[in-house]
1. How much area per residue is accessible in the stretch 284-331 when the probe is 1.4 Å and only protein heavy atoms are counted (Å²)?
2. Strictly over 24 Å apart at the Cα level, which of 107/331; 279/356; 199/279; 279/325; 279/331 would you flag in this model?
3. Please turn the phi angles of the stretch 7-15 into ³J(HN,Hα) values with the Karplus equation 6.51 cos²θ - 1.76 cosθ + 1.60 (θ = phi - 60°), one per residue in order, whole Hz, x for glycine and proline.
4. Considering only protein heavy atoms and a 1.4 Å probe, what is the carbon-and-sulfur percentage of the accessible area of the stretch 275-329?
5. What is the sum of charges, Lys and Arg at +1 and Asp and Glu at -1, for the other residues whose Cβ falls under 11 Å from the Cβ of residue 57?
6. Return one whole number: the accessible area per residue of the stretch 15-157 in Å², for a 1.4 Å probe.
7. Collect residues whose amide H, placed 1.01 Å from N in the peptide plane, falls under 5 Å from the amide H of residue 365; neighbours closer than 5 in sequence don't count.
8. Taking the Cα centre of the stretch 1-70 as origin and charging only Cβ (+1 Lys, Arg; -1 Asp, Glu), how large is the dipole, in debye to the nearest 20?
Amino acid sequence: MDLGKTPQEKDRLIQLSMLCLCIGIVSADILIPLGFVIWILYLIPLLMSVWLRHRYAPFFTAWLLTLTILLGSLISGSARANPSDLPDRAVFILMLAIVSLLVWEIKTSYTSLEAEVAERRTAQENLEVLTRTLEERVTLRTRELSEVNEELNRDIAERRRVEAALAMANRKLTLLSQITRHDISNRVFALLVELDAIKDIAGDGPVTEHLEILEKTSLAIQDQIAFTRDYQEIGSQIPVWHQVAMVIREAARHLDHGTAEISVDLDRLEIFADPMIGKVFYNLIHNALRHGGTVTRIAFSYHLSDSALVIICEDDGVGIPADEKQHIFTKGFGRDSGLGLFLIREILSITGISIKETGTEGTGARFEITVPPGDYRIGHTGSGRPPGNNRT
């Protein structure tokens, strides 16, 4: 969609679209006084304000919508015909204020995050250029022994300064991400509290359904925030050896699996993986319980395939349709957030471990985790190294 060649043209077209929407909605409110059913459409221009360049555009839009709602009440005369009209409009105006605050927070945080990412990308590019320049200079100065030491010392000192600056930038970016997630989480929590209060006020009226939609959207935002926290932790620590059976039992302990049996037949198998490996088995068990239908058994086992080792997770649920198998590890695919299996693949890939789904629809899901040679050991006692495994 072409929104103009310049930022000014884009802003004007968005503002014109928002104005037309407001005119249409207030006209519908006057001609067809359906209350919240019509007013909920005012959220569309409010959400469109996130595209405007002005920092406080969501608040200005919320004020404009407030005046529009009050104008619709005056023109239609609904306040005289229905005494509850003004309180209902006041509740909706409060909801607009809360949503505008959330939109503003997301807009501000996203802008700051983009700036930090751009700075980090520039720093990385500068470091690459500096590294190439350093290699060329070292090659040339090797011919002159009297000068190479002096040049090399200067270049090493400069590189250390750049690496220190990059490390500082990374720490700042991590801190910014943590602060941003914390602030957004607090805002979403406040939004959920306000939604609960509004639901109590609205009772069983027609607005309840829309409030539940807003509540689901807020919970989805919380899931996204949790995902960014987990994704940032991937690769932040050195991979270590993990006893798989112990990791699975610890993950299952944090889930309510009801009467479903969780069978673990992995002997003393250990794998070399990212410290977040517990998230892998937690999400596998959680997905089976949540999406597998009536699951009575989730089994973990393993077998050797050529020089690699395959860990199997299978259940007796409804399984996964054949046309979805190639998409289930894609970010955003699925009935919920679509992030669980994507996170599994990213965690495993840190140490070259792969995963695929080989089950049959109707008989249950079956995930095969392939561990390459050198990244697994069986029956390790700590006194020696199993044949074919070179990790320490």
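1. For the stretch 284-331, the per-residue accessible area is 50 Å².
2. Cα-Cα > 24 Å for 199/279; rest within.
3. Each residue's phi maps through the Karplus curve to give x, 5, 5, 4, 4, 5, 5, 5, 5 Hz.
4. The computed percentage sits at 49.
5. Its environment carries a net charge of +2.
6. So the stretch 15-157 comes to 60 Å² accessible per residue, rounded to a whole number.
7. Close amide H contacts, sequence-distant or interchain: 315, 317, 319.
8. For the stretch 1-70, the charge dipole is close to 240 debye.
The values are calculated or read from the model by the stated rules, or taken from the named source; none is laboratory data. Because the structure is predicted, anything quoted here is derived from the model rather than measured. Please note: Cβ atoms are built from the backbone with ideal geometry, for glycine as well, and neighbour counts cover all protein chains shown. Just the protein is used for accessible areas: all its heavy atoms, side chains included, with ligands, DNA and RNA removed. Shrake-Rupley method; radii C 1.70, N 1.55, O 1.52, S 1.80 Å.
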